[in-house]
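Read through the structure below, which is laid out as structure tokens, and then see the notes.
The values are calculated or read from the model by the stated rules, or taken from the named source; none is laboratory data. As the structure is a computational prediction, the values presented were derived from the model and not from experiment. Cβ sites come from the backbone with ideal geometry, for glycine too, and all protein chains shown count toward neighbours.
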Amino acid sequence: MKEKLLEIKEQAIGELESIQDISGLEKFRVTYLGKKGLITSMMKRLGELPPEDRPEIGKLANQIKTDLSGLFEDAHGRIEAKGTEEEFYLDITLPGREPARGHLHPISRVNREICNIFMKMGFRVVKGPNVELDYYNFEALNFPKDHPARDMQDTFYISKKVVLRTHTSNMQIRVMESQSPPVSVIAPGKVYRSDSADASHAPMFHQVEGFLVDKNVTFADLKGTLTSFVHQMFDRDTALRFRPSFFPFTEPSAEVDIQCVICRGEGCRTCSQTGWLEILGAGMIDPEVYRFVDYDPETISGFAFGMGVERIAMLKYGIDDLQLFFKNDMRFLRQF
């Protein structure tokens, strides 16, 4: 049995030196050091020996098992170190890999483009609170107490006097009450309406409000400003038209349409065969609004306009579902 143990040791050492991977080490461990391995099997046979020989052979078996365990651990460390070196080995002859780069969300891109266009015209960018007083969101903008926009179906009320703003027009009052004319401002930001989410509606979306107040401002100035904006946002061949409308804080008021960017006015599914697409609302600021900010409506005048950023983005990129902007689907976002 002594010769057999020494033979097993010599055989194990020889095999261990030729092992080059972790799987080979595991096989070695099971074969020689496991519960059913060769060393354990030999130790179970000690009972077959004469009593006087058992201490010597038992001691030898334990020593061989200890020696092989130590050699096994050394080999394990050697192979792991080799694997780490290979894993982090840098081959400078390989071509480089360009890392993936993030980019702006399409809504952020369009929002920045809108702001940049108006900033080049001299407008200043301001931002305001999403949670707003009823006074700034409605009352000071000439919304009577019983106006439909105050209905619980349209507005998120936090309390009787506090709401989630339904438009960024609240910044008209906040800016004008702190600054004398001339004033030219755009106010981008999130707004909230009690709408169900579908292909063209969302309870939260983005809006850019703009207004200009000075002496002798006319509707022609408004038309020129918005025409310049449309030509820069889309192209100079994009026609636009103004349709009479109503907003409590502008008089006269207008809806602004552009020629369909898909069919170029010939009529298609996107424009419901009309050849036109609505993009924003605008008008001359109602003199009643000036009374809330101590402006003299007899000496000054101004215009205001508001547009949905998602609406502009959908037209600019030919997108037919507003919800795509909020789903964070990388297949969609990678296109921008």
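Collect the residues in the stretch 95-111 that are charged (D, E, K, R) and either touching a strand residue (DSSP E or B) at 6+ places or on another chain (Cβ under 9 Å) or closer than 17 Å to Q335 by Cα (or both), keeping them in residue-number order. Before you say what the answer is, go through the steps one by one.
At the first step, the residues of the stretch 95-111 found to be charged (D, E, K, R) are 97-98, 101, 109.
Passing the criteria: R101, R109.
Quick one: in the stretch 28-52, of everything that is surrounded by fewer than 13 Cβ atoms within 10 Å (Cβ to Cβ) and of a type in the set (D, E, K, R), which residue is nearest to the chain's Cα centre (by Cα)?
Checking each candidate, the answer is K35.
Tell me whether the stretch 174-184 contains one or more residues that are out of contact with any helix residue (DSSP H, G or I) (no Cβ under 7 Å at 6 or more places or on another chain), without any contact (Cβ under 8 Å) to a residue 40 or more places away in the chain and surrounded by 15 or more Cβ atoms within 10 Å (Cβ to Cβ).
For the stretch 174-184, residues out of contact with any helix residue (DSSP H, G or I) (no Cβ under 7 Å at 6 or more places or on another chain), without any contact (Cβ under 8 Å) to a residue 40 or more places away in the chain and surrounded by 15 or more Cβ atoms within 10 Å (Cβ to Cβ): absent.
Please pick out the residue among F292, F234, F249 that is in contact (Cβ under 8 Å) with a residue 60 or more places away in the chain and over 30 Å from R174 (Cβ atoms).
Answer to the selection: F234.
How many of the residues making up the stretch 158-170 are assigned to a strand (DSSP E or B) and at pLDDT below 90?
Residues that pass the stated criteria total 0.
Being in a helix (DSSP H, G or I) and of a type in the set (S, T, N, Q) narrows it down to one of Q20, Q63, so name that one.
Matching residue, one of Q20, Q63: Q63.
Within the stretch 307-329, is even one residue part of a strand (DSSP E or B), acidic (D, E) and surrounded by fewer than 20 Cβ atoms within 10 Å (Cβ to Cβ)?
Within the stretch 307-329, not a single residue is part of a strand (DSSP E or B), acidic (D, E) and surrounded by fewer than 20 Cβ atoms within 10 Å (Cβ to Cβ).
Anything in the stretch 288-302 that is buried (at least 22 other Cβ atoms within 10 Å of the Cβ) and of a type in the set (A, V, I, L, M, F, W, C)? List them, or say none.
V289
Quick one: count up the residues across the stretch 109-146 that are under 13 Å from V162 (Cβ atoms) and in a loop (DSSP other than H, G, I, E, B).
Residues meeting the conditions: 3.
State whether one or more residues within the stretch 256-271 are more than 20 Å from Y317 (Cβ to Cβ), in a strand (DSSP E or B) and modelled with pLDDT of 90 or more.
No, every residue in the stretch 256-271 fails to be more than 20 Å from Y317 (Cβ to Cβ), in a strand (DSSP E or B) and modelled with pLDDT of 90 or more.
Tell me yes or no: at least one residue of the stretch 3-14 is within 12 Å of A75 (Cβ to Cβ) and within 60 Å of the chain's Cα centre (by Cα).
Looking through the stretch 3-14, at least one residue is within 12 Å of A75 (Cβ to Cβ) and within 60 Å of the chain's Cα centre (by Cα).
Quick one: in the stretch 15-27, which of the residues that are more than 17 Å from T66 (Cβ to Cβ) and crowded, with 16+ Cβ neighbours inside 10 Å is nearest to the chain's Cα centre (by Cα)?
Among those residues, the one meeting the criterion is L25.
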